[in-house]
Amino acid sequence: MRILKNIAVVALSVLAFNGVATADIKVASLHPLISDVARQVGGKHATVVQLIDPHTDPHHFRPSPKDLAKAQGAVVYLASGKNLETYLGKLQSTLGNNVKVFEVGRKIPSQTISGRSSQYVCCPDHAKGSLDPHWWHRVSNMQKAARELASEFGRLDPANAAAYKANAAAYSRRLEGLDAWIKREVSRIPRSSRILTTAHAAFGYYCKEYGFKALPVKGLTASHKTSAAYQAQAIQEIRKNGVKAIFPELRANPKSLSVISRETGVKLGGTLVADGASNYEKMMRDNTTKIVKALAK
């Protein structure tokens, strides 16, 4: 009996030495950027199971039974919220009352897209009153998200609440530097050229925070089709606004943008990433670098 006990002690010591020790809580994430901030806040005390591939469009993702099996033991499922994940009600019913679905963006101030806005070219009837779910494009919102996660993790794991709060504060300080860098870079673009023309309406928070006029030439999601009549309207708006560059997006069909670019003579800028990224800071830096490169001249 003593020999078996000693073997067990040695085995546990080896696991700890090799870094296999179990984290304090396990959480599941339904959005790649939420996975990133959850890891920043959770640190060594949380295991984050990312159920969505970074290159999958979160507008169309639905967790499969295989995904749910992968997340077995998770104490919370993390969603971005603001109606981006339309399946959350069904997911909560599947999970039952013992596992919470936590919408990270719920308490973050929302922007809406109005059909009356001259800045919104496509599908005004569809857009009227719609929440813009892409809240992470304002850096201060991601700082709020870190604090929300620290609070939720602390509720689930009170023993490490102080560590989660400290991790969120450290991450927020890094994001302050990111925000300052974006503002410096954007200041290189003349105000008359700060028109962000993108494939769909994903950058409204970025535009409002950093002084751009948003001119999406497709709908709220990259899946919307564009008719010939719509393309003509988009061409008219682009000419009227003196647009300097049109920015394609990762996973968006570039065909309609290429037609619009050819008809207007406006160049295509670098491809932007709206949400399919595993590293938030890198995504924001890469997007800003491409925007400034195309519009600052």
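The values are calculated or read from the model by the stated rules, or taken from the named source; none is laboratory data. Small disclaimer: the values here were computed from a predicted structure and weren't measured. Quick reminder, even Gly has a Cβ in these numbers, built from the backbone with ideal geometry, and neighbours come from all protein chains shown.
Assorted remarks:
- Unique residue being in the same structural domain as GLU85 (by TED's automatic domain parsing) and at pLDDT 90 or above when the list is ALA245, ALA162: ALA162
- The residues on offer are GLY81, GLY43, and the sole one that is assigned to a loop (DSSP other than H, G, I, E, B) and either in the same structural domain as SER278 (by TED's automatic domain parsing) or of a type in the set (Gly, Ala, Ser) (or both) is GLY81.
- Within the range 168-192, being surrounded by 16 or more Cβ atoms within 10 Å (Cβ to Cβ) and more than 20 Å from the chain's Cα centre (by Cα) holds for GLU185, VAL186, ILE189.
- Complete set of residues in the range 100-114 that are more than 20 Å from VAL37 (Cβ to Cβ) and surrounded by 15 or more Cβ atoms within 10 Å (Cβ to Cβ): ILE113
- Filter pass, SER172 being touching a strand residue (DSSP E or B) at 6+ places or on another chain (Cβ under 9 Å), farther than 17 Å from ALA274 by Cα and hydroxyl-bearing (Ser, Thr, Tyr): no
- A residue that is hydrophobic (A, V, I, L, M, F, W, C), more than 18 Å from the chain's Cα centre (by Cα) and buried (at least 20 other Cβ atoms within 10 Å of the Cβ) can be found somewhere in the range 125-133.
- The one condition from (1) free of Cβ contacts under 8 Å to residues at least 60 places away in the same chain; (2) under 23 Å from ALA150 (Cβ atoms) that VAL75 does not meet is (1).
- The residues listed here are GLY105, GLY81; of these, the one that is more than 21 Å from TYR164 (Cα to Cα), without any contact (Cβ under 8 Å) to a residue 60 or more places away in the chain and not charged (D, E, K, R) is GLY81.
- Condition met for ARG155 (assigned to a helix (DSSP H, G or I) and over 26 Å from LEU295 (Cβ atoms)): yes
- Contact map, the range 208-228: residues that are more than 16 Å from VAL243 (Cβ to Cβ) and surrounded by 15 or more Cβ atoms within 10 Å (Cβ to Cβ) paired with residues that are of a type in the set (A, V, I, L, M, F, W, C) and at pLDDT 90 or above, Cβ distance under 6 Å, separation 6+ or inter-chain. Pairs shown: TYR210/VAL186.
- Any hit, the range 95-102, residues being among the aromatic types (Phe, Trp, Tyr), in the same structural domain as ALA163 (by TED's automatic domain parsing) and closer than 23 Å to LEU250 by Cβ: no
- Contact map, the range 139-153: first residue touching a residue at least 12 places away in the same chain (Cβ under 8 Å), second residue surrounded by fewer than 24 Cβ atoms within 10 Å (Cβ to Cβ) and of a type in the set (Ser, Thr, Tyr), Cβ cut-off under 8 Å, separation 6 or more or different chains; pairs are ASN141/TYR205; MET142/TYR280; GLN143/SER172; ALA146/SER172; ARG147/SER172.
- Subset of the range 60-78 [surrounded by fewer than 16 Cβ atoms within 10 Å (Cβ to Cβ) and among the charged types (D, E, K, R)]: ARG62, LYS66, LYS70
- Residue in the range 15-26 that is modelled with pLDDT of 90 or more and of a type outside the set (A, V, I, L, M, F, W, C) present: yes
- Applying the criterion of being touching a Ser or Thr at 6+ places or on another chain (Cβ under 7 Å) and under 18 Å from TRP136 (Cβ atoms) to the residues of the range 249-275, the residue that is surrounded by the fewest Cβ atoms within 10 Å (Cβ to Cβ) is LEU250.
- Qualifying positions in the range 209-232 - at pLDDT 95 or above, on the phi < 0 side of the Ramachandran plot and not acidic (Asp, Glu): TYR210, PHE212
- Residues that are aromatic (Phe, Trp, Tyr) and outside any loop (DSSP other than H, G, I, E, B), drawn from the range 85-102: PHE102
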